Amino acid sequence: MKKRKTPLLSLLAAAVCFLPLSSTHAQAKAQTTSTPPSTVGSGSTNPAITSGFNQQEDGRRFISQSADPSYILKPNDFIQIIVFQEDELNTITRVSPEGTISFPLVGDVKIGGNNIAKATQRLRTMLMDGYIKNPQISITVMEFAKRRFSVLGEVQRPGTYEMPQQESVNILQAIALAGGYTRIANPRKITIKRVEDGKEKVYQIDAKTIAQNQNGKLFYIQPDDSITVAESLF
């Protein structure tokens, strides 16, 4: 998926370049949270996505949303599957941590990691294998899974932050969301811990050099990254 930046995040990232290494009251607007991911009905929605019709599940009200067919389905995405003229197959479910869903007739199906178009085709192929001749299927993301990262150490507002849905956040934007550096921060020494293939990987980032080099390569944050800004020794 092509990475894009929101105007807000771009402005926040630019502000980091000019923030003095001292206490400041000019804080970037961002909402911080320390609560863990919650259950059905608490996922985050994207206001940029066009709202559709309302559905109810266990007494809760949801607004369906039309997502880009290239959107990659993730664990904890809350989705609705409609099979045209087959009402008994219509399903509202949450993608499991393993990336699977339970679907009538075919059982457990792995759709996490696939985009909506590919997941739709996979379900269609499975239904065509002895169940329905030419099924017409649509998948709608009703609630997007929350994507979080943490910023610790020498920043104005240490904490956990949510990534904008279907958008990327680079290291400068992440620091800006946390209010910028403290006066004793060392922007040249930022540690990022990330789990890849079940193993922890550590990256050492020089954010000051990145900020000064406008044409340089940015470092992008992934969900569940832990960012720590070191203290300057001088």
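Every number here is computed from the coordinates shown, using simple stated rules; none is lab data. Predicted model, so just to flag it, every value in this text is computed and none were measured. Counting neighbours? That spans all protein chains shown, and the Cβs are built from the backbone with ideal geometry, glycine included.
Tabulated results
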{"item": "Members of 118/217; 74/189; 74/201; 146/217; 193/217 lying beyond 29 Å, as alpha-carbon distances in this model show", "result": "118/217; 74/189"}
{"item": "Loop sites in the stretch 118-158: chymotrypsin sites (Phe, Trp or Tyr not before Pro), DSSP, at most 16 other Cβ within 10 Å", "result": "131"}
{"item": "Computed label-point distance, nm, for sites residue 160 and residue 134 using a 7 Å Cα→Cβ extension", "result": "4.9 nm"}
{"item": "Estimated distance in nm for a label pair at residue 193 and residue 91, the labels positioned 7 Å out from Cα along Cα-to-Cβ", "result": "3.7 nm"}
{"item": "The stretch 89-188: GluC sites (Glu not before Pro) in DSSP coil with no more than 14 other Cβ atoms inside 10 Å", "result": "98"}
{"item": "Other-chain or far-sequence residues with amide H under 5 Å of residue 153's (modelled H)", "result": "229"}
{"item": "Descending semi-axes in Å of the stretch 84-134, equivalent ellipsoid built from Cα gyration tensor", "result": "18, 12, 10"}
{"item": "For residue 117, net neighbour charge (Lys/Arg +1, Asp/Glu -1) across residues whose Cβ lies under 13 Å away", "result": "+2"}
{"item": "Of the trypsin sites (Lys or Arg not before Pro) in the stretch 113-194, those whose Cβ has at most 16 other Cβ within 10 Å and which sit in DSSP loop", "result": "133, 183"}
{"item": "Long-range tail of P(r) for the stretch 118-178 (Cα pairs > 19 Å, %)", "result": "55 percent"}
{"item": "Karplus-derived 3J(HN,Hα), 6.51/-1.76/1.60, for each residue of the stretch 149-162, Hz, glycine and proline x", "result": "9, 10, 10, 10, x, 8, 10, 5, 10, x, x, 10, 10, 9"}
{"item": "In sequence order, calculated HN-Hα J values of the stretch 86-100 (Karplus, 6.51, -1.76, 1.60; Hz; x Gly/Pro)", "result": "9, 4, 5, 9, 4, 9, 10, 7, 10, 5, 6, x, 8, x, 10"}
